[in-house]
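Visitor: Handing you this structure, nothing more for now.
Just so it is clear, none of the values below were taken in a lab; they were calculated from the coordinates. Note that this is a predicted model, so its numbers are computed, not measured.
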Amino acid sequence: MSEASTARRHVAIFANPEKAQALPVLAVVEELVQRGYRVTYVTSAEVASRFALSGVNGEDWDVVGCLDDAEEPVAVVLGYFEDDVPDVVVHDATACTVARVCAQGWGLFTDTNRDGRLFDDEFDQFVSKFGFVVVPEQLCEPSASHLARY
């Protein structure tokens, strides 16, 4: 995938791993950053605080902790991303519902993403190796505001 096609595209990764599972997600985040994506990792408050305390997140990625302790994680996530909606949403089995509801609220879809602007088969294969799923296209139709960004 060319650097121009991924430059500054924003990927939101939804995963609520147990303590020992957080480091593999960090490897995915770091690889996506190296490929030119900007990443926001939506996870549990505990995992987010461990990353914040260790200083591992950088200017190309951020971590948000709300999946385990917020009464309304969807509302928290939608509020956090209000001014910076991601271009692509991927999730694992631990955060499927929250990720899909948020993606639908943002009007995201994957069918047109496959033209190389946001991700391609290489992206899909890479995240799939780690148990992540790209939000399916049948969730919703493209919104005018989403199309206007391109």
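Visitor: Quick one: which residues, 5+ away or cross-chain, put their amide H under 5 Å from the amide H of residue 10? H built at 1.01 Å from N.
Guide: 38, 87, 88
Visitor: On to the next question. If amide hydrogens are placed 1.01 Å from N in the peptide plane, which non-local residues have theirs closer than 5 Å to the one on residue 41?
Guide: 13, 62, 63, 64
Visitor: Residue by residue through segment 84-93, what is 3J(HN,Hα) from phi via Karplus (6.51 cos²θ - 1.76 cosθ + 1.60, θ = phi - 60°)? Round to whole Hz and write x for glycine and proline.
Guide: Rounded to whole hertz, the list is 8, 5, x, 7, 9, 10, 10, 8, 9, 5.
Visitor: Got a sec to turn the phi values of segment 48-54 into Karplus ³J(HN,Hα) couplings, 6.51 cos²θ - 1.76 cosθ + 1.60 with θ = phi - 60°, whole Hz, x for Gly and Pro?
Guide: 4, 5, 5, 5, 5, 5, 7
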